[in-house]
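Student: Dropping the structure in here first, questions after.
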Amino acid sequence: MARPFQRIHIIVMDSVGIGEAPDAKDFNDEGSHTLKHTLEGFNQTLPALERLGLGNIDDLPVVKRVEDPQAYYTKLSEASVGKDTMTGHWEIMGLNIHKPFKVYPNGFPDELIEQIESVTGRKVVANRPASGTQIIDEWGEHQMKTGDLIVYTSADPVLQIAAHEDIIPLEELYDICEKVREMTKDPKYLIGRIIARPYVGEPGNFTRTSNRHDYALKPFGKTVMNTLKDEGYDVIAIGKINDIFDGEGVTQAVRTKNNMDGMDQLMKIVEQDFTGMSFLNLVDFDALYGHRRDKPGYAQAIKDFDERLPDLLEALHEDDLLIITADHGNDPTAEGTDHTREYIPVLMYSPKFNGG
């Protein structure tokens, strides 16, 4: 009998979907295909992902089908109702969401806004769906002059609060978000995440920083992470994983600045002596390129990830299992700025495999 894996490393390529899901029509996402549309016209290859078998899942530009892939491969459709980050990650860990979180296409109710203003002592401005860069360009200078809170949302169940780091210090912004998290635990709101969105710079040249912090609802039930932790295994959350699960089932949390820093942190963890699971989210695909509909940037980010894979595969222990997957789609050629309901790719590799 084969020896079981001692360590499992999961990488979520945030939003890297692989074609419209069977129920894409219900989400107005017919025809979406993040990987295919992102790679169309891209003039570089992805040799590491190709060898693993990514091109065997679906016909893709620049990623060929191979006869003897290094990994097992498939694609999965989401059972949960939703196409947001929390829903996708919770389902990966075995927790399906049958009652969707609420979204606020017309902004948040006056009652909630008034409560935020009362608790924080600061006025709220914006209060509508928008991309983060757009809303900061629009309201950033006003926020610097007044100290108001820029509150906005998206097609996801999130309430985001943006503020300039020189006007509202990080600790105060985090405290504000914690208070808003508490008040929105009321079931009538059902907001998945409260997100601190600090930025720096001058009018016309604002930049969001890596000091983002998510305040998620706790998972509604037990996840694989809880089970592993309860059984004495290590569960190492890298990137925004700890935030997505509100620390539930996590034994060690590692923050990251971007995709490449995430890969650096994973490499360090692979070199450590532990038994259990590491769980990495690479958010740049989604946050920097998917929502901004930056197709060239998205393609280059996939290329950058591909170039890091050979060293990772070489560093894996014989009893390690690597799973590369996604949580939803975010087709950069689709209308709007929001996620797309898609299949997610799955690649499973171990040094002990002789092929997929």
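Laboratory data are not the source of any read-out in this text; all were calculated from the coordinates shown. Since the model is a prediction, treat every value here as computed from it, not as a measurement. Cβ atoms come from the backbone with ideal geometry, glycine included; neighbour counts cover every protein chain shown.
Student: Below 8 Å, C-alpha to C-alpha, sequence gap of six or more: please give me the relative contact order for the range 219-320 in percent.
Tutor: 25 percent
Student: With +1 on each Lys and Arg Cβ and -1 on each Asp and Glu Cβ, and nothing else charged, work out how big the dipole of the range 41-174 is about its Cα centre, in Debye to the nearest 20.
Tutor: 420 debye
Student: In the range 1-151, if the dipole is taken from +1 on Lys/Arg beta carbons and -1 on Asp/Glu beta carbons about the Cα centre, which of Tyr104, Ile18, Ala48 is farthest to the positive end?
Tutor: Comparing the listed Cα positions along the dipole, Ala48 ranks first.
Student: Local charge sum around Met267 (other residues, Cβ-Cβ under 14 Å, Lys/Arg +1, Asp/Glu -1)?
Tutor: Net local charge, Met267 excluded: -4.
Student: If you take the beta carbon distance between Gln300 and Glu111 as r and set R0 to 56 Å, what does 1/(1 + (r/R0)^6) give as a FRET efficiency, to the nearest 0.05?
Tutor: 0.80
Student: Here is a follow-up. Cα-Cα pairs above 37 Å in the chain: how many percent? Intermediate values should be presented prior to the final figure.
Tutor: Values: 11267 of 63190 pairs.
Cα-Cα pairs in the chain separated by more than 37 Å: 18 percent.
Student: In the chain, once you exclude exposed GluC sites (Glu not before Pro) (DSSP loop, at most 13 other Cβ within 10 angstrom), what's the longest stretch remaining? List each step's numbers first, then the result.
Tutor: Working: sites that count: Glu30, Glu67, Glu231, Glu271, Glu318, Glu335.
After excluding every exposed loop site, the longest remaining stretch is 68-230.
Student: Tell me the angle of helix 132-146 to the major Cα principal axis of the chain, expressed in degrees between 0 and 90 and rounded to the nearest ten.
Tutor: Taking the Cα atoms of the chain, the angle to 132-146 is about 30 degrees.
Student: Take the Cα coordinates of the range 43-161, assign each an equal point scatterer, and use the Debye formula without solvent to give log10 I(q)/I(0) at q = 0.11, 0.22 Å⁻¹.
Tutor: -0.63, -1.12
Student: Between the helical axis of 170-183 and the dominant principal axis of the chain, each derived from Cα atoms, what acute angle in degrees is found, rounded to the nearest 10?
Tutor: 90 degrees
Student: Ok, one more. Can you find, among Ala155, Gly336, Met263, the residue farthest towards the positive end of the dipole of the chain? Put +1 on the C-beta of Lys and Arg, -1 on that of Asp and Glu.
Tutor: Farthest along the dipole direction, towards plus: Ala155.
Student: Here's another thing I want to ask about it. Go ahead and run the numbers for FRET between Val119 and Thr209, Cβ-Cβ distance against an R0 of 30 Å, rounding to 0.05.
Tutor: Details: r = 24 Å, r/R0 = 0.81.
With R0 = 30 Å, the Cβ-Cβ based efficiency is 0.80.
Student: Which residue, Asp59, Asp284, Asp156, tops the fluctuation ranking in a GNM of the chain built on C-alpha contacts under 10 Å?
Tutor: Asp59
Student: As an exercise, take the mean of 1/r over every pair of distinct alpha carbons in the range 110-216, invert it, and state the Kirkwood radius in angstroms. Write out the running numbers ahead of the final one.
Tutor: Numbers: mean 1/r = 0.0737 Å⁻¹.
The answer is 13.6 Å.
Student: Hey, how many Å between the Cα centroid of the range 87-144 and the Cα centroid of the range 4-44?
Tutor: 25 Å
Student: Please go through the residue pairs Lys36/Lys185; Lys123/Lys188; Lys83/Lys352; Lys36/Lys218 and name each one whose alpha carbons sit more than 29 Å apart in this structure.
Tutor: Lys36/Lys185; Lys83/Lys352; Lys36/Lys218
Student: Also, quick follow-up: Roughly what angle does helix 295-315 make with the longest principal axis of the chain, taking Cα atoms, 0 to 90 degrees, to the nearest 10?
Tutor: Tilt relative to the chain: about 50 degrees.
Student: Take the Cα gyration tensor of the range 169-268, multiply each eigenvalue by 5, square-root it, and list the three semi-axes largest first, rounded to whole angstrom.
Tutor: The answer is 26, 21, 9 Å, longest axis first.
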